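A.B. asks: My questions all concern the structure below.
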Amino acid sequence: MVFQGSAAAISHTGRVRQNNQDSGFAGSNLFVVADGMGGHAGGDVASALAIGRLKHLDHAYPTTAAAELSLQQAIAETATDLIGTVRERPELAGMGTTVSALAMVDDYAVIAHIGDSRIYLYRGDQLTQITTDHTFVQRLVDSGRITEEEARYHPRRSVLMRVLGDMSANPEVDTFIMQTQPGDRWLLCSDGLSGVVEDANTAKVLGQGFTPKRSIDMLLRQALDAGAPDNVTAILVDVGGPHPIVSGTATIVGSASNPAGLEVPAAPRHSVTSGWLHPNRQAANVPSHYEPAAEFLEELIEEDRRRAKRRRWAWIAGLIIVIGLISVALMVAYSWTQGRYFVGSDRDTVVIYQGIQQDLGPIKLSTPYIDTEIPLDALTPFAQQMVRETITASSLDDAKGIVEGLRRMTVPGTQAIPGAEHIAPDPDDALTEAPLLEAPPGDEPAAPEAVPVAPGAGQ
């Protein structure tokens with residue numbers, strides 16, 4: 001059965017690379033993305049070879065098992081092709097390519113994958129990464145050593161653990177089968193897209209429901225706006241949709257679209273050095289990523305341990321500094337509060353407090369300083385209210401002055417206030433009768449002076 005749906009493919013050099021080492025294929029039933037590596041010419045050749053071998057699988061399959069077996073055999077044959085090419089062209093040694101392939105069989109998707117290119121499924125407003133990156137960093141994530149966010153910016157994120165190259169004729173390829181349904185959107189892309197465009201942004205673009213061509217154009221624009229340090233290749237496949245493809249011409253993008261234009265350097269006729277020691281190999285074929293040897297992998301793991309240790313100590317040092325700064329700030333603030341005073345009440349007496357009226361949670365910022373022993377109920381109602389609401393003082397002397405003023409604000413007939421006898425009379429208080437002066441002890445009162453009486457006055 002021919003796949004009923006629509007698809008579009010695109011490939012771009014990016015903003016940094018000088019040539020495009022990616023290749024893509026979008027047919028009637030088969031869709032493939034290959035990200036080449038191995039420097040100038042090497043990566044181009046590797047991805048083009050993969051597409052050249054796999055494109056012949058673009059036809060209907062009787063069963064999903066048949067499609068899966070065909071993909072496995074074609075990828076293994078690609079590895080053989082790469083080995084043979086390097087034997088004829090030693091200067092291409094070290095080249096390789098990723099392969100992410102999707103074959104549609106009835107209502108199923110048959111997937112084959114090796115490397116760090118990706119296949120996503122957008123279904124029900126959710127974007128899911130279907131394939132697993134065969135990278136050193138992904139292994140660190142799977143083991144719990146780093147987080148997904150740390151992996152995104154890890155300096156070794158491009159180091160591949162598995163790749164289709166000239167090192168093994170029996171590559172380990174992930175294959176599996178998934179059921180599809182109308183409305184599904186399958187995205188195949190190189191890391192030039194997935195490495196710079198967030199999954200949330202990709203999901204937002206796919207969720208708008210535009211045609212596959214317009215959708216991948218928008219994704220490419222986002223990658224270019226983000227700097228596009230690598231080649232960008234993407235294929236979007238819609239299951240069903242308003243414009244299903246019944247039959248049509250396959251679309252090839254990237255380096256595989258112009259294999260005749262690939263600049264493959266000719267092998268020297270009389271070279272006495274091996275391909276690994278070729279003088280031009282290092283300059284012409286600097287790999288963007290590669291499969292490390294076992295000892296190099298151990299070195300990378302040890303380096304990551306050191307990096308994690310440094311990161312942990314940096315966090316601890318930063319935490320200690322922050323705690324120290326907070327502690328100093330709290331000490332300074334507490335010292336400031338202890339230079340403040342206010343007048344308040346403690347149960348039934350007037351008290352001078354040291355500190356401020358507010359508390360910091362369970363921490364009290366004031367303590368009783370002087371208990372004046374002035375009964376609260378001996379004060380006037382207005383004075384009692386003022387004391388209960390606290391009276392702020394500018395200094396300790398000011399607080400004592402406030403207390404002396406409270407001693408005068410008493411209710412008539414109440415018990416004597418301690419210390420009131422030492423208070424000088426307030427001229428504003430009500431006037432009282434002056435006491436009679438008593439003669440000094442031992443002195444007799446003076447006789448009144450005789451008043452002369454005129455003669456005849458008493459008659």
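A.B. asks: Yes or no: segment 153-176 includes at least one residue that is surrounded by 14 or more Cβ atoms within 10 Å (Cβ to Cβ), over 21 Å from M37 (Cα atoms) and touching a residue at least 40 places away in the same chain (Cβ under 8 Å).
C.D. replies: Yes, that holds for at least one residue.
A.B. asks: Here's a follow-up. Quick test of your reading of the structure: H289 fulfils all but one of (1) more than 30 Å from S143 (Cβ to Cβ); (2) modelled with pLDDT under 80; (3) in contact with a Ser or Thr (Cβ under 9 Å, 6 or more places away or on another chain). Name the failing condition by number.
C.D. replies: (1)
A.B. asks: Does A66 satisfy being within 24 Å of N231 (Cβ to Cβ) and not basic (K, R)?
C.D. replies: no
A.B. asks: With the condition kept exactly as written, say whether any residue in segment 329-345 is out of contact with any strand residue (DSSP E or B) (no Cβ under 6 Å at 6 or more places or on another chain), surrounded by 14 or more Cβ atoms within 10 Å (Cβ to Cβ), at negative phi and modelled with pLDDT of 85 or more.
C.D. replies: Scanning segment 329-345 turns up at least one residue that is out of contact with any strand residue (DSSP E or B) (no Cβ under 6 Å at 6 or more places or on another chain), surrounded by 14 or more Cβ atoms within 10 Å (Cβ to Cβ), at negative phi and modelled with pLDDT of 85 or more.
A.B. asks: Okay, next question. Examine segment 59-81 for a residue that is more than 20 Å from Y120 (Cα to Cα), assigned to a strand (DSSP E or B) and either touching a residue at least 60 places away in the same chain (Cβ under 8 Å) or in contact with a Gly (Cβ under 9 Å, 6 or more places away or on another chain) (or both), and state whether such a residue exists.
C.D. replies: no
A.B. asks: Could I ask something else about it? Go through (1) part of a helix (DSSP H, G or I); (2) under 41 Å from the mean Cα position of the chain (by Cα); (3) buried (at least 20 other Cβ atoms within 10 Å of the Cβ) one by one and return the number of the condition V86 breaks.
C.D. replies: (2)
Conditions (1) more than 24 Å from the chain's Cα centre (by Cα); (2) over 17 Å from G195 (Cβ atoms), marked per residue:
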| site | (1), (2) |
| --- | --- |
| A60 | yes, yes |
| L92 | yes, yes |
| M104 | yes, yes |
| H113 | yes, no |
| D116 | no, no |
| G124 | yes, yes |
| L140 | no, no |
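A.B. asks: For segment 230-243, which positions are modelled with pLDDT of 95 or more and over 16 Å from A7 (Cβ atoms)?
C.D. replies: Selection gives N231, V232.
A.B. asks: T97 fails exactly one of the following numbered conditions: (1) crowded, with 24+ Cβ neighbours inside 10 Å; (2) under 20 Å from A250 (Cα atoms). What is the number of that condition?
C.D. replies: Of everything listed in (1) crowded, with 24+ Cβ neighbours inside 10 Å; (2) under 20 Å from A250 (Cα atoms), T97 misses just condition (2).
A.B. asks: Across segment 357-375, which residue is farthest from V343 (Cα to Cα) among those that are modelled with pLDDT of 85 or more and of a type outside the set (D, E, K, R)?
C.D. replies: P375
A.B. asks: Could you count how many residues in segment 365-412 are over 11 Å from V350 (Cβ atoms), more than 58 Å from the chain's Cα centre (by Cα) and assigned to a strand (DSSP E or B)?
C.D. replies: Looking only at that region, the number is 1.
The values are calculated or read from the model by the stated rules, or taken from the named source; none is laboratory data. Worth saying up front: this structure is predicted, and the values here are computed from it rather than measured. Neighbour counts are summed over all protein chains in view; Cβ atoms, including those assigned to glycine, are modelled from backbone coordinates with ideal geometry.
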